[in-house]
Every structure is written in C-alpha cells, then in structure tokens.
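Participant: Dropping the structure in here first, questions after.
The values are calculated or read from the model by the stated rules, or taken from the named source; none is laboratory data. Everything quoted here is computed from the prediction, not taken from an experiment. Cβ atoms come from the backbone with ideal geometry, glycine included; neighbour counts cover every protein chain shown. The accessibility values were calculated without ligands, DNA or RNA, using every heavy atom of the protein model including side chains. Shrake-Rupley method; radii C 1.70, N 1.55, O 1.52, S 1.80 Å.
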Amino acid sequence: MDLIERYLAAIGRQLPATQAGDILGELREELLSRQEEREAALGRPLTRQDVEALLLEFGHPLVVAARYRKTQQLIGPEVFPFWLTTIQWSLAILAIVWVVLTAIGVLLGKTQADARHAAPDLIPTALTVFGAITLAFAAFERFGKAGFLRDWKPSRLPPPDRATRPRAGIVAEIAVDVGFIAWWQGLIRFQDFFPYPVHLQVALAPVWAAWHWPILAYAIFGIAADLVALARPAWVRTNTGLRVGRYLYGVAILVEVFRAGHWVEVGSPLISPGVLSIIQTNFDLGMRVGIGVAILGMLLQVGLDLRRGYRQRQAQPDVAAKA
Amino acid sequence: MMHSMPTEGDIYETLRLELRRGSLILAVLGHLRREHYGYTLRKALAEAGVEIDEGALYPMLRRLEAQGLLTSEWREEEKRNKRFYRLSDEGRTVLARLAQEWGALNASIGDILKGEA
C-alpha cells in the first residue's frame, strides 16, 4: 500500500494541481483492483516484491503522467519537415562561414588560437542556432501559429529544369556574404593573422573607405536576392533580374574602384623606402589583377544568369506575376 | 554503428498495432453505451479481444469526456470511490457516424482483399 501511495504521489507531482486529485483517484482504483485480482489468483496477499512488479508493469511515473499532458511532442509531425529543413540550411550556412574563416586562418599559417579570434566557436554557435530555431518552431506548434507553413502553392515550386541554381550553391553564397559583411564591418579581423612581419603595416587605401557603404549595400542586396531565390525559386524572371542587377551594380563599383589605381597602403619604420616602394608596387599589381578578374567574373556571371533565365523561361513561363 | 534490420515479426507487430490503434476509440465508445469504470471497461475490452494499455485508456477517457462524448460521475462501490463513464447524447451521435464509417471501410477493404486473393 505504501509503495502504491508513493508511486501515485510521484505521478501527482507531474500533474496540474487542478486535475491531480481526479486522475490519481482513478489510477488508485485501477491499481487496487489489479492488486485484488492478483491476490485472488495467488490466494494470498501480495508481497512487497509483487507490488513492485505490478508498479513496474504500470510504467514509470513520468511516462504515466506525461500521457495526460495536452502537449505530447515539442515539434509535431506536420511541423517537423519545416523544422528539419530550417535546421539543415542554418547549420549549413554556419558551417560554411566557419570553414571559410578557419581555412583562411590556417592558410595564412596562424595558430588555432589566433583563428578563434576570427571564427566564432562552432559548437556553442551551432547549439545556439539549433536551440533558437527549435524554440521558435515549438512556439509555433504550441500556440497554434504553424498554419502559415501549410500556405504553399504548386506554382511556387522550382522549375524542373536542370538549369535551376542548386540550393547548396545559394546557401554557400549567403554564407560567404555573411562572412564578408562581418569582416567589412570590422566584426572579424583578418589582419590578425596576416602572414607578413609585424613591422609591415598593410591597410586598405582611402578609395575603399569612399566606397564602403555601396559595397556593404552590394553584399546585403546579394543576401536578399539569394533569400528570394531560396524562398521563391519559381520566380525565374525576378531572380534572374535580381542577380543580373546585383552583378552589374558590383561591376559599376569595381570599375570606379579600379580607376583609383592604388588600393593598398604599406608602411614600415624598419624597411627602406626603396624596398617599401617595390612591395607597394607588387601589392597594387596583385590588386589590379584581382579587381580586373573580379570584374570579368561578374560580367561572365551576368551572361550565365541571362542564359539560365532564358532556358528556364523556355521550359516554364514565369509565374512571378501570378504568384 | 550497426543497426539490426527489423524482422518480419517486428514489422508485422508494428503494423498490427498501427491498425488497431485507430479502432480503439470505436471499441471504447461502443462499450460505454453501458456504464463502466476504468478497470471493468479494460477487462470487458480484453474479453472482447481488444487489449488496451491502461496508460492509453485513462487519458483517452479524459479526452473523450473533455470533447463531450462521455459523461462521468464518482460513486462509491464496494467501499471504494470509482469513476463511472457513460456515452453522452453527443457521443451516441458520433458513435453512430463512426460505426457507419467503420462498416463502409470494412466492406471496402474486404472487397479489395477478396479481389487480391
């Protein structure tokens, strides 16, 4: 009897106070009826071990109490696929940003400790992202606000054409842009692991400061365009337009930056002006080639996007206007 | 990590439980046309060939009562307080509709199985 009461008390601690008395009364009746049934079958009172076996059969108090809860799962089967996809995308973006930042650190020959200053700690950040997304979806589920997830239209699905941009590529591009913005705004500092001797100072020339905000806008616009491409892959014309617009904007910025002719400033109190001048020339030459290649790459991308958009439109008329 | 493949017996047992799960509510509502308390209801169901775990039965009874399909009252019987359940008027209507659905489904599946045999 004592064991049964202890068992019921353990269940009761997990139940809402308003319902506990009712539920426990019913469970007590069930357990006592079962006890009587066994005693009748055995022809003797149950021993302590018999009662223990009976309660073990009945189930762990937490499990028994949990069956009376209104909420039986944190993320239900209807919301689960959306939760899983969001988790996969978010963790993929996080992993790419981390790998890029860490790879830069390792390539530049710095220690793991130095790399940590630039790359956020992967595990705590991943856990935070995982927890935040799970909490958000659990809240949608709990408060019955998950209806918007079922709001979909077949016309918004991506075209079956192979020329559609792969999602992994879009996600990777978002990750790179996030990393770039973090660096551009000074949230992470690659100069911490610059491979040159400490006495050589390398800084961006004033032309970059003059174009700071347009370049930031370029990266933000890129992320926005990629998010639209992820959310509405069927908006072929819109997505092509956003990408082409983005790259043309990028080309316009880079052409102006290119015209400056001087992009990096090196200085050192310990290096002779002659040697410093050679280093300066080499740095600027490298930048000239780099910016030139970037301009050509963007123009090539514009061509590829226009070709992809044309092929997709051939395969399926644009639905953006109707959607 | 090695995952052992489920045996044919495991698969059958899982499918059997899935198949029976949906019909439990019908069996419970059907039995509660007569008044029962939890223990006798579970025994009556078992005798009729419908085994139900008490961990599933009692929460189900509360849910059905909250939905207005059952009524209940606490009464003393054999010197113990027991909660007696019975089908409400609304429960009778729902049971009649579910029984009709069950009959139609049973007939359809019977036809399908006969055709496949």
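Participant: May I ask which residue of B:L19, B:P6, B:Q67 lies farthest towards the positive end of the charge dipole of chain B, with charges of +1 (Lys, Arg) and -1 (Asp, Glu) on Cβ and the Cα centre as origin?
Facilitator: The listed residue farthest towards the positive side: B:Q67.
Participant: Ordering A:F283, A:F137, A:F258, A:F143 by how much accessible area each has at a 1.4 Å probe, largest first, what is the list?
Facilitator: Numbers: A:F283 40, A:F137 15, A:F258 65, A:F143 140 Å².
Ranking A:F283, A:F137, A:F258, A:F143 by accessible area, largest first, yields A:F143, A:F258, A:F283, A:F137.
Participant: As I understand it, the value is the acute angle between the Cα axis of helix B:8-31 and the longest principal axis of the Cα atoms of chain B; what does it come to in degrees, rounded to 10?
Facilitator: The answer is roughly 30 degrees.
Participant: Which of rounded, prolate, oblate describes chain B, given a ≥ b ≥ c as roots of the alpha-carbon gyration tensor eigenvalues and a/c under 1.5 marking rounded, otherwise prolate only if a/b is larger than b/c?
Facilitator: Oblate shape, in that a/c is at least 1.5 and b/c is the bigger or equal ratio.
Participant: Post the alpha-carbon centroid distance, region B:1-69 to region A:60-85, in whole angstrom.
Facilitator: So the separation of the two Cα centres works out to 19 Å.
Participant: From the square roots a ≥ b ≥ c of the eigenvalues of the alpha-carbon gyration tensor of region A:2-66, which class results: rounded (a/c under 1.5), prolate (a/b over b/c), or oblate?
Facilitator: Verdict is prolate for region A:2-66.
Participant: Counting only trypsin sites (Lys or Arg not before Pro) that are in a DSSP loop and have at most 12 other C-beta atoms within 10 Å, tell me the longest site-free stretch of chain A. Spell out each step's value before the answer.
Facilitator: Values: sites that count: A:R13, A:R69, A:K70, A:K145, A:R162, A:R189, A:K322.
Looking at chain A, A:190-321 is the longest stretch - no exposed trypsin sites (Lys or Arg not before Pro) with at most 12 other Cβ atoms within 10 Å.
Participant: Buried accessible area for the B:A pair, summed, 1.4 Å probe, in Å² rounded to 100?
Facilitator: Summing both sides, the interface buries roughly 1600 Å².
Participant: Defining a contact as two alpha carbons under 8 Å apart and six or more residues distant in sequence, what relative contact order in percent does chain A show?
Facilitator: Normalised by residue count, the contact order of chain A is 17 percent.
Participant: Suppose R0 equals 35 Å; then what is the FRET efficiency for A:A260 and A:I87 from their Cβ-Cβ distance, rounded to the nearest 0.05?
Facilitator: Details: r = 44 Å, r/R0 = 1.26.
For A:A260 and A:I87, the calculated efficiency is 0.20.
Participant: While we're on this one: In region B:52-117, what GluC sites (Glu not before Pro) fall in a loop by DSSP, with at most 16 other Cβ atoms inside 10 Å?
Facilitator: B:E78
Participant: Right, next: I'd like the mean, over residues of A:62-70, of how many other protein chain beta carbons sit within 10 Å of each residue's own Cβ.
Facilitator: Partner Cβ neighbours, averaged per residue: 3.
Participant: For chain A, what is the calculated [θ] at 222 nm in deg cm²/dmol (nearest 500), taking -39500 (n - 2.57) for each run of four or more DSSP H residues and dividing by its residue count? Don't skip to the end; give the middle numbers.
Facilitator: Values: 12 runs with 220 residues, N = 323.
So the helix-based figure for chain A works out to -23000 deg cm²/dmol.
Participant: For the protein assembly as shown, with only Lys/Arg (+1) and Asp/Glu (-1) charged at the beta-carbon, what is the dipole magnitude about the Cα centre, in debye rounded to 20?
Facilitator: Here the protein assembly as shown has a charge dipole of around 1440 debye.
Participant: Also, quick follow-up: Please compute the modelled spin-label separation between A:K145 and A:W213, points set 7 Å along Cα→Cβ, answer in nm with one decimal.
Facilitator: It is 3.4 nm.
Participant: When the accessible area of the protein assembly as shown is split by element with a 1.4 Å probe, what percent falls to carbon and sulfur?
Facilitator: Whole-percent figure for carbon plus sulfur exposure: 62.
Participant: Give the angle, between 0 and 90 degrees and rounded to the nearest 10, that separates the Cα long axis of helix B:54-66 from the longest principal axis of the Cα atoms of chain B.
Facilitator: 60 degrees
Participant: Once both labels are modelled 7 Å past Cα along the beta-carbon direction, what's the A:E57-A:D121 spacing in nm?
Facilitator: Each label point lies 7 Å from its Cα, and together they span 5.1 nm.
Participant: Residue farthest toward the positive end of the dipole of region A:2-66, with Cβ of Lys/Arg at +1 and Asp/Glu at -1: which of A:L55, A:P45, A:A10?
Facilitator: A:A10
Participant: Also: Only helices at least 27 Å long along their axis, Cα-based, and averaging 0.5 or more on Kyte-Doolittle count here, so list those DSSP H runs from chain A.
Facilitator: Values: long enough: A:17-42 (38 Å, -0.64); A:80-107 (39 Å, 1.92); A:122-142 (29 Å, 1.42); A:212-231 (29 Å, 1.59); A:236-259 (34 Å, 0.47); A:273-315 (62 Å, 0.40).
Span-like helices in chain A: A:80-107, A:122-142, A:212-231.
Participant: Once you charge only the Cβ atoms, +1 for Lys and Arg and -1 for Asp and Glu, what is the size of the charge dipole of region B:41-117 about its Cα centre, to the nearest 20 debye?
Facilitator: Here region B:41-117 has a charge dipole of around 300 debye.
Participant: Say each of A:V202 and A:I220 gets a label point 7 Å from the Cα, pointing the same way as Cα to Cβ; how far apart are those two points in nm?
Facilitator: If labels sit at A:V202 and A:I220, their model points lie 2.9 nm apart.
Participant: Let me ask you something else. Going 7 Å from the Cα of B:W74 along its beta-carbon direction, which residues of region A:28-48 have the amide nitrogen within less than 15 Å of the resulting point?
Facilitator: Only A:28-30 pass the distance filter.
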